[in-house]
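The values are calculated or read from the model by the stated rules, or taken from the named source; none is laboratory data. Small disclaimer: the values here were computed from a predicted structure and weren't measured. Here the Cβ is made from the backbone with ideal geometry for all residues, glycine too, and neighbour counts use every protein chain on show.
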Amino acid sequence: MPRSLDPSQLRCTRRLEALAQRQGWRLVAGCDEAGRGALLGPLYAAAVILDPARSIPGVDDSKKLTPRERESLAEEIRLKALAWEVVAVSAEEVDALNVYEASRQAMLRALGALQPAPDFILTDAMPLRKGAAGAYHIPHRAIVHGDARSVSIAAASILAKVARDQHLVELDGVYPQYGLAKNKGYGTPEHLAALTRFGPCPEHRKTYQPVKDCLLPLFPFQQPA
């Protein structure tokens, strides 16, 4: 049985992009999402076509970088990339679609907005086709741990993460009780305690179990009719 990959041991390089270009694909896009596991707020996706002639040292899986490193790299990516796009899918749409399909749709929307359009796409483990009826017309490859292996996917992960974090800081001003500036909508002990005390807000994902549990009848924070 093959040994599972350890993302911390992987190197983020241009190898996959170079391989695609050697096979004739000139514009290679990377695509990734951020916020899939959060209890609150939109899911974000980004698509990026990097310029092979303009390197950006330090691009790596966004989870390996500090907030300051991500913000600095995001600025450089936006400046140097041939094309980039970031889109958001609301918590309400995540609930309606399910988080897996919302991730796919967010990626497709980001890719569809790229100008110029890519010739080939690398995604972080997300197949863009959904069965025979949902064929996707641009050649693509889903890469396991792609954000730790491909600079294009990593660049997309940085843009998505930075955009989402900035939005969650804004939401913290609207819903300060949940500590969103710190937890970015993820289910930290502090966020879960606030959810129990105050109940969900309109930005919570109602189909996620900790939130769903708080919507049950007779939950302590609810006042009797």
- Item | Residues located in region 103-128, provided they are crowded, with 24+ Cβ neighbours inside 10 Å and over 19 Å from Val162 (Cα atoms) | Pro118, Ile121, Leu122
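Taking Ala53, is it among the small types (Gly, Ala, Ser) and within 19 Å of Asp124 (Cα to Cα)?
Here the answer is no, as Ala53 does not meet what is asked.
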- Message: Condition check: of a type in the set (A, V, I, L, M) and modelled with pLDDT of 95 or more. Does Leu215 satisfy that?
- Response: no
- For region 48-70, which residues satisfy the criterion of being surrounded by 16 or more Cβ atoms within 10 Å (Cβ to Cβ) and small (Gly, Ala, Ser)? Ser62
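Which residue out of Arg22, Arg54 is out of contact with any Lys or Arg (no Cβ under 6 Å at 6 or more places or on another chain) and farther than 30 Å from Leu180 by Cα?
Working: Arg54 fails: out of contact with any Lys or Arg (no Cβ under 6 Å at 6 or more places or on another chain).
Going through Arg22, Arg54 in turn, the sole match is Arg22.
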- Query: Are any of the residues in region 129-145 buried (at least 22 other Cβ atoms within 10 Å of the Cβ) and touching a residue at least 60 places away in the same chain (Cβ under 8 Å)?
  - Reply: no
- Note on region 71-84: residues surrounded by 21 or more Cβ atoms within 10 Å (Cβ to Cβ) and not aliphatic (A, V, I, L, M) are Trp84
- Query: How many residues are without any contact (Cβ under 8 Å) to a residue 24 or more places away in the chain and loosely packed, with under 10 Cβ neighbours inside 10 Å if we restrict to region 9-22?
  - Reply: 2
- Among the residues listed as Gly37, Gly30, the single one being under 27 Å from Glu93 (Cα atoms) and exposed (fewer than 13 other Cβ atoms within 10 Å of the Cβ): Gly37
- Query: Restricting attention to region 189-213, which residues are surrounded by fewer than 18 Cβ atoms within 10 Å (Cβ to Cβ), in a helix (DSSP H, G or I) and among the β-branched types (Val, Ile, Thr)?
  - Reply: Thr196
